[in-house]
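Derivation of every value follows stated rules applied to the coordinates shown; laboratory data play no part. Because the structure is predicted, anything quoted here is derived from the model rather than measured. Every residue, glycine as well, gets a Cβ built from its backbone with ideal geometry; the counts of neighbours run over all protein chains shown.
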């Protein structure tokens, strides 16, 4: 699954356009490498998002098969580090 779709699907971002904007501003990294929106996410990858005041890291546990997942199931797909 593409990184922009993944961020939206597991409720890290509210909209895919927000995820694409973050990717175009080079604040999203997969395994410490800046990526484009078309980069595919794999199980075991570490996603880092650099916000203005902090950085958050997420470990990919599972790839969703649906377009959106309930926020209550977010822990099945990612684990914050």
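With Rh defined as the Kirkwood radius, the inverse of the mean 1/r over Cα pairs, the Rg/Rh of the stretch 3-80 is 0.92. Summarising the label geometry, the points placed 7 Å from Cα in the beta-carbon direction at residue 32 and residue 54 lie 2.2 nm from one another. Working from label points 7 Å from Cα in the Cα-to-Cβ sense, the residue 1 to residue 79 distance is 1.8 nm. Averaged over residues, the count of other Cβ atoms within 10 Å places the peptides 29-38, 10-19, 63-72 in the sequence 10-19, 29-38, 63-72, highest first.
Per-residue Cβ neighbour counts within 10 Å put 1, 22 in the sequence 1, 22, beginning with the fewest.
Helical runs assigned H by DSSP (4 residues or longer) give the chain a calculated mean residue ellipticity at 222 nm of -6000 deg cm²/dmol, each run adding -39500 (n - 2.57) before division by the residue total. Measuring between their Cα centroids, the stretch 57-71 and the stretch 12-41 lie 15 Å from each other.
The stretch between residue 71 and residue 25, if pulled fully straight at 0.36 nm per residue, gains 14.0 nm over its current Cα-Cα span.
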